[in-house]
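Every read-out reported here was derived from the displayed coordinates using simple, explicitly stated rules and does not represent laboratory data. A quick note: this is a predicted structure, and the numbers were derived from the prediction, not measured. Counting neighbours? That spans all protein chains shown, and the Cβs are built from the backbone with ideal geometry, glycine included.
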Protein chains: 4
Amino acid sequence: MDFSDLRAVYINCTLTASPGLSHTQLLLDRSSAIMQHHGVEVACIRAVDHVIAPGVYPDMTAHGWERDDWPAIAAQVLDADILVLGTPIWLGDKSSVCSRVIERLYALSGETNDAGQYIYYGRAGGCLVTGNEDGIKHCAMNILYSLQHLGYTIPPQADAGWIGEAGPGPSYGDDGAGFDNDFTNRNTAFMTHNLMHVARMLKDLGGFPAYGNQRAAWDVGQGFDHPNPEHR
Amino acid sequence: MDFSDLRAVYINCTLTASPGLSHTQLLLDRSSAIMQHHGVEVACIRAVDHVIAPGVYPDMTAHGWERDDWPAIAAQVLDADILVLGTPIWLGDKSSVCSRVIERLYALSGETNDAGQYIYYGRAGGCLVTGNEDGIKHCAMNILYSLQHLGYTIPPQADAGWIGEAGPGPSYGDDGAGFDNDFTNRNTAFMTHNLMHVARMLKDLGGFPAYGNQRAAWDVGQGFDHPNPEHR
Amino acid sequence: MDFSDLRAVYINCTLTASPGLSHTQLLLDRSSAIMQHHGVEVACIRAVDHVIAPGVYPDMTAHGWERDDWPAIAAQVLDADILVLGTPIWLGDKSSVCSRVIERLYALSGETNDAGQYIYYGRAGGCLVTGNEDGIKHCAMNILYSLQHLGYTIPPQADAGWIGEAGPGPSYGDDGAGFDNDFTNRNTAFMTHNLMHVARMLKDLGGFPAYGNQRAAWDVGQGFDHPNPEHR
Amino acid sequence: MDFSDLRAVYINCTLTASPGLSHTQLLLDRSSAIMQHHGVEVACIRAVDHVIAPGVYPDMTAHGWERDDWPAIAAQVLDADILVLGTPIWLGDKSSVCSRVIERLYALSGETNDAGQYIYYGRAGGCLVTGNEDGIKHCAMNILYSLQHLGYTIPPQADAGWIGEAGPGPSYGDDGAGFDNDFTNRNTAFMTHNLMHVARMLKDLGGFPAYGNQRAAWDVGQGFDHPNPEHR
């Protein structure tokens with residue numbers, strides 16, 4: 001399999017600005033190294049280093065905010081075949097930076113591609129989560145849900161993460177914590193390959209097949225075989 | 001596109017035994033009608049009509065329970081290319097019957113296919129949710145998470161549902177409630193087609209591509225390009 | 001403080017029938033031992049040992065099911081000042097047995113006490129969660145939400161639990177796993193005392209204060225100081 | 001009952017800066033009007049109008065951020081007996097502003113009061129949620145979980161909200177949408193009164209009873225009747 005024409009964007013949603021240490025980045029690095037090994041072009045964005053304005057419009061400078069770095073990030077996301085959101089866990093939930101990124105991704109959900117599908121169709125999405133004690137699955141179910149809702153295809157086992165035993169303790173990578181966790185390593189390897197496989201499939205098909213899922217066509221009365229034509 | 005060689009299983013996780021009215025079934029019927037229109041062979045199982053024992057083993061009669069109808073249901077699920085779980089909402093969450101079905105699906109998660117992948121790989125999964133007031137996304141994020149964790153590929157917009165305004169009110173189909181909801185109808189059409197598209201892709205490829213995701217190979221030391229070979 | 005006139009019910013929602021080992025029970029035992037030390041009368045019910053019919057009515061034998069042990073359990077719950085739900089974690093979520101118990105608790109949500117409040121008012125609720133790797137908070141937020149929705153008062157830090165590091169591993173109590181986890185022990189102690197404190201307060205007041213929360217009064221037009229009387 | 005010595009803080013977590021219309025504010029106003037009717041001193045903070053730095057420390061200007069308005073907000077929160085978080089729903093979840101507020105509340109979780117309890121003990125917490133179609137309970141279970149984890153006591157039925165039927169539609173208050181929803185109005189009245197009742201109880205007791213829940217005492221070896229003294 002040749003993945004060398006694929007592009008991937010990793011968005012690290014840590015609360016810690018550069019050059020501070022992000023434990024989540026350590027896990028992203030392992031996943032992105034596998035992609036790079038296969039020739040995938042990888043970009044990694046640390047969201048907190050940018051000013052991402054609150055709101056649900058594509059560019060918030062048109063809605064009263066002085067600065068908004070989101071449009072440039074969105075361009076990178078739309079230029080890529082794969083999106084991975086990485087988040088730390090706080091109080092059992094994804095970070096506020098991750099929530100912000102999802103809100104802004106959502107701001108483009110009204111746009112459509114040439115086939116009339118939502119703009120994110122034809123791409124693969126996944127997530128990586130680190131914390132010191134609890135919440136990988138809680139964060140992942142929320143993030144993956146949002147990505148598929150936006151139009152991403154979610155491969156099998158599209159999340160990976162590391163947490164320690166219940167209670168305070170080291171974060172991922174502190175004195176090597178988690179680096180030799182076989183479960184985390186296996187899941188990271190599987191999710192990374194599965195994202196590349198799905199992106200490969202979709203790229204080879206020229207995007208997600210365009211029938212039965214085009215917002216534009218639906219809005220002008222195409223019923224897509226719905227059993228109650230009058231209700232569609 | 002020809003979908004006529006595909007098989008789909010819908011599991012309705014209503015709390016109401018047959019022949020009682022299941023509002024969730026009314027939504028499943030709309031989705032399955034679209035599949036049948038395309039020649040997909042559809043089976044629909046009302047889980048509550050069966051005795052599905054509690055536990056996390058493939059057959060609970062081997063673990064002290066007198067009766068367990070799950071193995072026969074599991075055989076149908078494994079024989080199908082598509083799985084759709086349908087659930088009503090109670091107190092904002094999926095039904096206990098849906099939880100039970102997920103637990104028992106999980107009971108097979110240790111098994112692998114001929115390629116050494118988890119047994120559910122190569123299939124498409126989605127869900128349908130109905131309630132009278134709140135919780136479609138909460139239920140869907142949990143169900144879709146479980147399905148991808150098991151090995152299902154999740155297409156874009158793989159959930160659909162109907163709820164009414166906050167507060168008590170009609171359930172889906174009561175005096176036609178929700179039947180003309182354009183959002184519900186559109187989402188139902190899109191998720192149904194997207195499940196067929198992903199199942200088609202995977203079937204044409206002879207399953208989910210087998211590299212980087214085989215449990216069996218990992219367990220004997222294959223590192224799948226993990227950047228830290230000693231840690232894999 | 002004297003807690004010796006209080007009663008508590010612990011419902012263990014393990015999937016394992018007696019006399020099988022329930023790891024969750026080991027944690028319940030630690031909490032209940034503290035209550036018993038203070039003279040609280042404690043009953044512990046292992047739900048899976050009973051036939052609890054699916055549905056959302058108080059007694060499902062009135063709705064087509066042959067047997068339903070729930071009414072007897074409900075009587076114990078309503079006789080107690082404190083309710084603790086204990087659950088194992090499967091695929092990151094509470095057990096199907098726990099979902100079933102919550103559905104059936106909900107079945108009484110239409111009933112009111114002598115003050116016209118929902119029947120569960122005047123009681124304290126909490127939860128205990130065990131698993132081998134992830135999900136305490138996800139389960140707890142769902143269970144505690146349901147309990148407060150039903151009318152229970154939730155004390156500070158009303159949940160406790162134990163999980164190990166990410167990946168397969170021992171369950172609570174396997175070779176003593178978790179027994180010396182200071183975080184789990186502290187949370188268990190705090191939640192147990194806080195439940196007793198809240199139950200004490202409410203009992204001393206003769207129940208939750210009855211103004212502004214009586215369904216019966218609202219339904220006949222009492223507005224409880226709502227700023228828009230015509231809309232109440 | 002006299003509530004006139006109580007103070008409440010409402011934090012509106014809308015994404016819309018002043019003077020833009022916040023639909024969530026319309027619901028907060030109804031709740032706060034009830035409190036004011038009873039003489040409670042109410043402050044309402046629109047979080048997005050402030051610069052709340054990302055991070056999990058009490059004051060992020062000590063950690064590299066130029067500006068952080070959080071310490072002043074935290075002072076108001078700690079000065080109040082009641083905290084209500086209000087949030088809009090985006091993609092089924094609470095807003096990023098609400099996540100940020102919770103992270104910063106959490107930043108004080110290591111501090112203790114004079115009794116050695118976590119600093120938020122002795123207060124009542126609740127939430128209000130608005131959206132156009134789905135997610136009140138999902139947001140509420142997360143917010144209420146966080147509040148109880150921090151030390152707040154959660155009264156019965158401590159959340160209220162409004163959403164419309166599945167699909168796009170009016171937000172709360174658009175052309176009066178939701179204003180005459182009896183369920184929303186009743187829940188708003190009940191949650192508001194129940195917050196005042198719990199705050200009253202706790203204030204009359206001089207705080208949450210201090211036994212079995214003091215972090216400081218636990219850390220120096222107090223076992224609080226834990227059944228395994230060596231493990232506590």
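Which log10 I(q)/I(0) values does segment B:62-131 give at q = 0.11, 0.24 Å⁻¹ under the Debye formula, counting every alpha carbon as one identical point scatterer?
Each listed q maps to, in turn, -0.33, -1.19.
Along Cα→Cβ at 7 Å, what distances in nm separate the B:Thr61 label point from those on the other copies, shortest first?
List, nearest first: 2.8, 7.0, 7.3 nm.
So the label point sits 7 Å from Cα along the Cα-to-Cβ vector; using that for B:Asp204, what distances do you get to the other copies, in nanometres, sorted shortest first?
Listed shortest first, these distances are 0.9, 7.2, 7.2 nm.
Of A:Leu91, A:Leu15, A:Leu128, which has the largest mean-square fluctuation in a 10 Å C-alpha GNM of chain A?
The residue that fluctuates most here is A:Leu91.
Under a Cβ-Cβ cut-off of 12 Å, what is the net charge of the residues other than D:Gly116 that fall near it, where Lys and Arg count +1 and Asp and Glu count -1?
-2
Rg (Å, one decimal) plus Dmax (Å, integer) for the alpha carbons of chain B?
18.5, 64
Over segment A:33-93, what number does the Rg to Rh ratio reach, with both radii from the alpha-carbon atoms and Rh per Kirkwood?
Working: Rg = 14.4 Å, Rh = 13.8 Å.
Rg/Rh for segment A:33-93 comes to 1.05.
Once label points are set 7 Å from the Cα along Cα→Cβ at both C:Leu205 and B:Ser18, what is their separation, rounded to one decimal in nm?
So the label points at C:Leu205 and B:Ser18 sit 5.1 nm apart.
When all alpha-carbon pairs of segment A:1-58 are counted, what percent fall beyond 16 Å?
That fraction is 51 percent.
Specify the residue with the greatest mean-square fluctuation among B:Val129, B:Val56, B:Val101, computed from a Gaussian network of chain B linking alpha-carbon atoms under 10 Å apart.
The residue with the greatest mean-square fluctuation here is B:Val56.
Stokes-Einstein at 20 °C, 1.002 mPa s, Kirkwood radius from Cα pairs: D for segment D:33-169 in µm² s⁻¹? Walk me through the numbers on the way to the answer.
Values: Rh = 15.9 Å.
Approximately 134 µm²/s, per Stokes-Einstein.
How many nm separate the modelled label positions at B:Val51 and B:Ala33, each set 7 Å beyond the Cα in the direction of the Cβ?
Computed distance between label sites B:Val51 and B:Ala33 equals 3.6 nm.
Counting Lys and Arg as +1 and Asp and Glu as -1, what is the net charge of the other residues whose Cβ lies under 12 Å from the Cβ of C:Ile73?
Residues near C:Ile73 contribute -2 overall.
Evaluate E = 1/(1 + (r/R0)^6) for D:Arg7 and C:Gln76, where r is the Cβ-Cβ distance and R0 equals 60 Å; express this FRET efficiency to the nearest 0.05.
So the FRET efficiency works out to roughly 0.90.
Step through the table entries B:Lys94/B:Lys203; A:Lys137/D:Lys94; B:Lys203/C:Lys94; B:Lys137/C:Lys137; A:Lys203/B:Lys137, compare each Cα-Cα distance with 23 Å, and write down the pairs that go over it. Kindly include the intermediate steps, with their values, before the conclusion.
Details: B:Lys94/B:Lys203 30 Å; A:Lys137/D:Lys94 18 Å; B:Lys203/C:Lys94 34 Å; B:Lys137/C:Lys137 19 Å; A:Lys203/B:Lys137 29 Å.
Beyond 23 Å between Cα atoms: B:Lys94/B:Lys203; B:Lys203/C:Lys94; A:Lys203/B:Lys137.
What does DSSP give for the protein assembly as shown in terms of the percent of beta bridges that are antiparallel, rounded to the nearest 5?
Close to 15 percent.
Report the convex hull volume per residue for segment A:177-216, counting only C-alpha atoms, in Å³.
Taking the convex hull of the Cα positions in segment A:177-216, it is 95 Å³ per residue.
Treating only the Cβ of Lys, Arg, Asp and Glu as charged (+1, +1, -1, -1), what charge dipole size does the protein assembly as shown show about its Cα centre? Round to the nearest 20 debye.
Using only the charged Cβ atoms, the result is roughly 0 debye.
Where the Cα atoms of the protein assembly as shown are projected onto their three principal axes, how long is each span, largest first, in whole Å?
Principal extents (largest minus smallest coordinate, Cα): 70, 66, 61 Å.
Given the options C:Ala210, C:Ser18, C:Ala107, identify the residue whose Cα lies farthest towards the positive end of the charge dipole of chain C (+1 on Cβ of Lys, Arg; -1 on Cβ of Asp, Glu).
Ranked along the dipole, the leading option is C:Ala210.
Roughly what % of Cα-Cα distances in segment B:122-202 sit above 17 Å, to the whole percent?
Numbers: 1565 of 3240 pairs.
For segment B:122-202, the share of Cα pairs beyond 17 Å comes to 48 percent.
Could you work out the local net charge near A:Gly92, counting Lys and Arg as +1, Asp and Glu as -1, over the other residues with Cβ closer than 12 Å to its Cβ?
Taking every other residue near A:Gly92 into account, the sum is -3.
Taking each pair of different alpha-carbon atoms in segment D:165-232 once, compute 1/r for the pair, average those values, and report the inverse of that mean as the Kirkwood hydrodynamic radius in Å to one decimal.
16.7
Placing the label point 7 Å from Cα along the Cα-to-Cβ direction, what are the distances from A:Gly20 to the equivalent spots in the other copies, shortest first, in nm to one decimal?
For A:Gly20, the inter-copy label distances come out at 2.6, 4.6, 5.2 nm.
Got a sec? Charge dipole of chain C, +1 on Cβ for Lys and Arg, -1 for Asp and Glu; which of C:Ile52, C:Ile119, C:His37 is way out at the positive end?
C:Ile119
For D:Cys44, list long-range residues whose amide hydrogen, built 1.01 Å from N in the peptide plane, is under 5 Å from its own amide hydrogen.
Here the answer is D:Tyr10, since their amide H atoms fall under 5 Å of that of D:Cys44.
Using 1/(1 + (r/R0)^6) with R0 = 22 angstrom and r between the beta carbons of A:Cys44 and A:Asp180, what's the FRET efficiency to the nearest 0.05?
0.40
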